[in-house]
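Peer 1: A single structure is presented below for examination.
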Amino acid sequence: MRGFEFSKFLPNDLPKGGFDELLKLFTELLNYTAGDAGETLAWMNELDKQYKFTNNEYGMGDFIDDLKEKGYLKEENGEQKITAKTEQTIRKSALEEIFGKLKKVGKGNHNSNISGIGEEKNADRREYSFGDSLDQIDMTASIQNAQINHGIGDFTLTDRDLEVEEKDYKTLTSTVLMIDISHSMILYGEDRITPAKKTAMALAELIKTKYPKDTLDIVVFGNDAWPITIKDLPYLQVGPYHTNTLAGLELATDLLRRRKTHNKQIFMITDGKPTCLKENGRYYKNSMGLDRKVIGKTLNMAAQCKRLNIPITTFMIAQDPYLQQFVRQFTQVNGGRAFYSSLTGLGEYIFEDYIKNRRKTIR
């Protein structure tokens, strides 16, 4: 008879006590409680009973007092609420968790694949040509060329001795991150919304700190689609929704139309197929298989995004072959990309693709 054998779980990353260690656990648990401070503290009390990570010198009461004193927690109408400082701490923690796993990709802002009179130096050198600006000339290398070409005794510098440093254009990128919040994101005992939420927070923090001129809009979609702010991310929850991918794409495209940047892209995190449309104020739903009407309109929107030079990168966190077949068709119509990602690798996939896209001009 086939069965399961369970062994005792021995955690090795529980806090050893003290404010800083407990704060890490507190911010991590907030991701799973949708920012509910009261529920998070209740979980921590239960974990403390089992694993004893507080002691006689520093207890949970001391930790709660310190959270309030240091500006991480406030009380409103008799309930514990997290503050803006805590929201930023959660984003930073997510950024460190995801970005820390990536290999170094170079420093500074991303570059396009166009060189010439740009803003950032690269390693390329060439001879001077008419129209090059003076600040592009590498004077040290040019003087050395003159000494080699004409000798030291009678110093002469000609335009043929001048060596020019190539520069790359920095590109600005406008990104819309679409997050599926349909009910399937928590079905079958698998929490798919938390990794998606953590990735969104980390990406938002990366853009704010490393690429502040870029823009990031966040769209959630279920039966309908609506924009949310970065501040809303810790509190994001799945609803009893179907999947109206079309509405999400329409809203994302509308947001990108308003952006003046040349590079525009959509990242879509989803685990399922489109199952819903809204027509004349009424919902058309079909969760059984791939509905031809829903799929057709969704593919038409993908084609429209292609005409607008908006590539869509789909991060599919489901392994069903027929769902992957739809994603392949969707990607082909749009000319974008698709990643079939595990939940643990979702953040790394998105970060690598975002940084890669920032180094080229999307046409």
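The values are calculated or read from the model by the stated rules, or taken from the named source; none is laboratory data. Remember, it's a predicted structure, so these values are computed and weren't measured experimentally. Positions of Cβ are backbone-derived with ideal geometry, glycine not excepted, and every protein chain shown enters the neighbour counts. Calculation scope for accessible area: heavy atoms of the full protein, side chains included, ligands and nucleic acids excluded. Shrake-Rupley method; radii C 1.70, N 1.55, O 1.52, S 1.80 Å.
Peer 1: Note down all Cβ pairs under 8 Å where the first residue falls in the range 284-309 and is under 16 Å from residue 257 (Cβ atoms), the second is open to solvent by 60 Å² or more (accessible area, probe 1.4 Å), and they're at least six residues apart or on different chains.
Peer 2: Correct list of pairs: 301/250; 308/257; 309/363.
Peer 1: Only one residue in 326, 315 is buried (at least 18 other Cβ atoms within 10 Å of the Cβ), in the same structural domain as residue 181 (by the TED database) and within 22 Å of the chain's Cα centre (by Cα). Which one?
Peer 2: When all the criteria are applied, what remains is 315.
Peer 1: Among the residues that make up the range 158-173, is at least one of them crowded, with 18+ Cβ neighbours inside 10 Å and either without any contact (Cβ under 8 Å) to a residue 12 or more places away in the chain or farther than 30 Å from residue 138 by Cα (or both)?
Peer 2: yes
Peer 1: Of all residues in the range 65-80, count the ones that are at negative phi and open to solvent by less than 40 Å² (accessible area, probe 1.4 Å).
Peer 2: Final tally of qualifying residues: 4.
Peer 1: While we're here: Checking residue 191 against (1) in a loop (DSSP other than H, G, I, E, B); (2) farther than 25 Å from residue 88 by Cα, which single condition isn't satisfied?
Peer 2: Status for residue 191: all satisfied but (2).
Peer 1: Could you tell me whether residue 275 is under 21 Å from the mean Cα position of the chain (by Cα) and either within 22 Å of residue 357 (Cα to Cα) or crowded, with 21+ Cβ neighbours inside 10 Å (or both)?
Peer 2: no
Peer 1: Does at least one position in the range 201-224 carry a residue that is out of contact with any helix residue (DSSP H, G or I) (no Cβ under 6 Å at 6 or more places or on another chain), open to solvent by less than 30 Å² (accessible area, probe 1.4 Å) and charged (D, E, K, R)?
Peer 2: Scanning the range 201-224 turns up no residue that is out of contact with any helix residue (DSSP H, G or I) (no Cβ under 6 Å at 6 or more places or on another chain), open to solvent by less than 30 Å² (accessible area, probe 1.4 Å) and charged (D, E, K, R).
Peer 1: Read through the list (1) open to solvent by 10 Å² or more (accessible area, probe 1.4 Å); (2) at pLDDT below 95, then give the number of the only condition that residue 247 fails.
Peer 2: (2)
Peer 1: Residues in the range 289-302 that are of a type outside the set (Lys, Arg) and exposed (fewer than 15 other Cβ atoms within 10 Å of the Cβ): how many?
Peer 2: 3
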